[in-house]
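The next block holds one structure in the form of structure tokens; read it before the comments.
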Amino acid sequence: MTGMSTPENQLDALIERLERAGEQLRSGELSADAAATLVEECAALAGEASVELERRARVEESASAQGSLL
């Protein structure tokens with residue numbers, strides 16, 4: 001691996017972080033404050049993932065539209 005962060009790697013990293021956070025929340029071992037902080041972090045991570053997925057959809061839509069013009 002080259003160490004460069006690709007969009008695929010970034011999305012995979014976001015998913016992994018969300019999965020780990022879910023495990024922590026389900027464990028019941030966090031204090032109420034820690035759980036609330038983690039939920040806020042999850043919301044931010046989900047927002048980042050949403051932006052990346054929307055970007056990918058626009059790129060694919062644009063490529064598809066260009067292909068139909070040829």
So M4 fits all but one of (1) surrounded by 10 or more Cβ atoms within 10 Å (Cβ to Cβ); (2) at pLDDT below 90; (3) hydrophobic (A, V, I, L, M, F, W, C); what number is the exception? (1)
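In the range 29-43, which residue that is small (G, A, S) and in a helix (DSSP H, G or I) is nearest to E16 (Cα to Cα)? Spell out the reasoning first.
Within the range 29-43, the first condition is being small (G, A, S), and the residues that meet it are 31-32, 34-36, 43.
Filter once more, so that each one left must be in a helix (DSSP H, G or I): 32, 34-36, 43.
Details: A32: 23, A34: 19, A35: 18, A36: 19, A43: 14 Å.
Selected residue: A43.
The values are calculated or read from the model by the stated rules, or taken from the named source; none is laboratory data. Computed from a prediction, not measured in an experiment: that's the story for all the values here. Don't worry about glycine lacking a Cβ; one is built from the backbone with ideal geometry, like all the others, and counts go over all protein chains shown.
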